[in-house]
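Reviewing the structure listed below.
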Amino acid sequence: MSIRPVKKVSQSEPHIEGAGVHLRRAFGFGNTTDFDPFLLFDDFRNDTPSQYLAGFPWHPHRGIETITYVLNGNVDHGDSLGNSGTLGAGDVQWMTAGSGILHQEMPKGDAQGRMHGFQLWANLPASLKMTAPRYQDVQGRDIPEITEDDGTRVRVVCGEFWGKKGPVEGVAADPRYLDVWVPPGKKRVLPVELTRHAFAYVFEGSGAFRDASRPQAVKTDRDGHETDDVEDIGNRSLVLFDRGDEVVVQAGERGIRFLLISGKPLEEPVAWYGPIVMNTEAEIRQAVSELRSGTFIR
């Protein structure tokens, strides 16, 4: 077995998206080779309703899958195919945009005005870019949770882990999506398949992602400058792992909670146009032309 060394640690950066939603972006809209098959990851955590209630009005997607995981508050959604619903705390929606869909997502806070969730974009291979759109809406009670003797808890959203299988199935990137909590002072070794790219996103507490005998990677701030804080990786930190088949995490004095996400790289060219992701610029031009002519929805 080989421990995955940490390749890079960075902080998610402030962004405003949709109609004025203040969020933090961990990666996206650039060279995402290290994260392949994943394209973008957003943390839309906010305690100020005026900074998120305008939401994400009608917008198109093609060529990708979007994964929305809600921790606090609710997200109302609807689309051009007539689907609608509400995601509550602990719920997940896995949307395969495929050949094209128009949808909207409107976040609402809980009783204290708090809103917290994540959205991950997974790429589709060229062979499935124009597949039929579909949804997988999963309620929180249907997501298996594993509790170890030391208090470590793992929610298995997608993929198999420690004998449990997540409810989301048939996703092209064959991802594993875990919500992990390690109690204060505890150390855990978590398996990750050698052939996958993997990253962690810390959103509670702090800790270190390394084996005691290995050096830690250099940590950088928002501007790319090196920092000395390599031991205590905390809130809103993105941890990109190198190759290996195990991840080691040592929880700090407050414990640590993070998403651990991995997937098989597609190794295909990526052409971007906002929420439309294809393989070539010609395909992007065709999608834009179809949007303008009203023929985007198949």
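The values are calculated or read from the model by the stated rules, or taken from the named source; none is laboratory data. Being a predicted model, the structure only gives us computed values, none of them experimental. Neighbour counts run over all protein chains shown; Cβ positions are idealised from the backbone, glycine included. Please note that ligands, DNA and RNA were not included when accessible areas were found on the heavy atoms of the full protein model with its side chains. Shrake-Rupley method; radii C 1.70, N 1.55, O 1.52, S 1.80 Å.
Look at the dipole of the chain built from charges on Cβ: of Trp162, Asn235, Thr295, the Cα furthest out on the positive end belongs to Thr295. Placing +1 on the Cβ of every Lys and Arg and -1 on the Cβ of every Asp and Glu, with nothing else charged, gives the chain a dipole about its Cα centre of roughly 220 debye.
Compared with the dominant Cα axis of the chain, that is its longest principal axis, helix 281-293 is turned about 50°. Would you mind finding the longest exposed-site-free stretch of the chain, with exposed GluC sites (Glu not before Pro) meaning DSSP loop and at most 15 other Cβ atoms within 10 Å? Here the longest segment lacking exposed loop sites spans 1-147.
Answer rounded, prolate or oblate for the range 106-171, using the Cα gyration tensor with square roots of eigenvalues a ≥ b ≥ c: rounded when a/c is under 1.5, else prolate when a/b is larger than b/c, else oblate. Intermediate values should be presented prior to the final figure.
Working: a/c = 2.53, a/b = 1.20, b/c = 2.10.
Note, shape of the range 106-171 comes out oblate.
Accessible-area rank, largest first, for Trp94, Trp162, Trp272, Trp58: Trp58, Trp162, Trp272, Trp94, with all protein chains present and a 1.4 angstrom probe. In the range 94-162, Cα pairs under 8 Å separated by at least six residues give a relative contact order of 36 percent.
Pairs Lys7/Lys129; Lys7/Lys264; Lys129/Lys164; Lys129/Lys264: which are spaced more than 24 Å apart, C-alpha to C-alpha? The answer is Lys7/Lys129; Lys129/Lys164.
Atom-type composition of the exposed protein surface of the chain places 47 percent of the accessible area on carbon and sulfur (1.4 angstrom probe). Computed 3J(HN,Hα) for the range 95-101, one whole-Hz value per residue from the Karplus formula 6.51 cos²θ - 1.76 cosθ + 1.60 where θ = phi - 60°, is 9, 8, 5, x, 5, x, 8, glycine and proline marked x.
In the assembled protein chains, Asp242 presents an accessible area of approximately 60 Å² (probe radius 1.4 Å).
Normalised by residue count, the range 24-169 yields a Cα convex hull volume of 137 Å³ per residue. Of Met1, Ala111, Asn72, whose Cα points farthest to the positive end of the dipole of the range 1-111 (charges on the beta-carbon: +1 Lys, Arg; -1 Asp, Glu; origin at the Cα centre)? The one lying farthest along the dipole's positive direction is Met1. In this structure the range 1-95 gives 38 Å² per residue of accessible area when probed at 1.4 Å with all protein chains present. The residue list Ile261, Ser206, Gly82 was ranked by how far each Cα lies along the charge dipole of the chain toward its positive end, using unit charges on Cβ atoms, and Gly82 comes out on top. Accessible surface calculations at 1.4 Å, restricted to protein heavy atoms, place the range 124-177 at 51 Å² per residue.
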